[in-house]
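Worksheet for the structure shown next.
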Amino acid sequence: MSDTLYLSLWYPNLRLASIPDKLAEVLGVFATHGGAARVYAVTVWPINWTETPIFQRVWGRGERGAEPRQAVEEAMDLLHEDYAYEFQMEWNLWELETGEAGPSTALRTAQDDDQKVIVPDDGPLGRWVREPRLVRVTGFGPLFDEGTYEQDGHIRIDFGTDTPFLEEDAELEQVGAKHVEDNVRQLIELAAAVEKDSGATARLLWSELGESLAQRLAARLGIGTRN
């Protein structure tokens, strides 16, 4: 069963005015860890998640995207304690594409075929492709959703489903296991880099269902590597 994967970051004595700098630093890490150098889109949420966004902008993919600091400055021109600032970035992962459905990516356009890296030796269940999905990086004002930052972090990264890190519905042969390991390694390296580059003092990789990705991964690759 797939789950949604998050990374939460906390900073000591963080003031509201410092959140833009932290967000720009986190967004900037993606370019050197499998992601895009530019921001795809931004949404600003007031008060809580049930409210209508007060600001949205989609810049687009590739060179059409906004530089991280430019995107942050535009979205956070009016800084409020009860706002959440959500930025979307492209992040490339290996995913299994079958004949029945495409990979579980959140970003699909007519340009996708030009951005795929396809493994020639397809497995019996489909082919492995490396292509972008959207991740969401959100900075929380201290009063947004009754202080959700205490649980979710001053900054939270939403990676989407954990399917690329487990592929639990497929039999992992040697090629598949290698790509899953590559995805996990990229995830770990990104988590370490955003913590270091943004000066976070605490980080937590967690899922909605509360299951341990590390334990599920160990069991998954243990089965896959014996086949």
State whether one or more residues within the stretch 94-109 are in contact with a helix residue (DSSP H, G or I) (Cβ under 9 Å, 6 or more places away or on another chain) and either hydrophobic (A, V, I, L, M, F, W, C) or modelled with pLDDT of 95 or more (or both). yes
Taking the stretch 112-145 and keeping residues outside any strand (DSSP E or B) and at pLDDT 95 or above leaves GLY141, PRO142, LEU143, PHE144, ASP145
For residues that are aliphatic (A, V, I, L, M) and assigned to a helix (DSSP H, G or I), scanning just the stretch 156-186, find the one that is surrounded by the most Cβ atoms within 10 Å (Cβ to Cβ). VAL180
Give me the pairs: first residue in the stretch 2-18 and open to solvent by 10 Å² or more (accessible area, probe 1.4 Å) and at pLDDT 95 or above, second residue part of a strand (DSSP E or B) and aromatic (Phe, Trp, Tyr), beta-carbon distance under 6 Å, and six or more apart or on different chains, which are they? TYR6/TRP206
Under 6 Å between Cβ atoms, which residue pairs at least 6 apart in sequence (or on different chains) link something in the stretch 39-65 that is farther than 17 Å from GLY28 by Cα and in contact (Cβ under 8 Å) with a residue 24 or more places away in the chain with a partner that is outside any loop (DSSP other than H, G, I, E, B) and open to solvent by 80 Å² or more (accessible area, probe 1.4 Å)? THR43/GLN56
Can you tell me which residue in the stretch 190-225 is farthest from TRP91 (Cα to Cα), limited to those that are modelled with pLDDT of 90 or more and open to solvent by 80 Å² or more (accessible area, probe 1.4 Å)? THR201
Could you grab me the full set of residues in the stretch 187-202 that are out of contact with any strand residue (DSSP E or B) (no Cβ under 6 Å at 6 or more places or on another chain) and in a helix (DSSP H, G or I)? LEU187, ILE188, GLU189, LEU190, ALA192, ALA193, VAL194, LYS196, ASP197, SER198
By residue number, the members of the stretch 136-155 that are under 10 Å from the mean Cα position of the chain (by Cα) and crowded, with 24+ Cβ neighbours inside 10 Å are VAL137
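The values are calculated or read from the model by the stated rules, or taken from the named source; none is laboratory data. It should be emphasised that the depicted structure is a prediction, and the values quoted were computed from it without experimental measurement. Glycine also receives a Cβ, built like all others from the backbone with ideal geometry; neighbour counts cover every protein chain displayed. These accessible areas exclude ligands, DNA and RNA; they are computed on the full protein's heavy atoms, side chains included. Shrake-Rupley method; radii C 1.70, N 1.55, O 1.52, S 1.80 Å.
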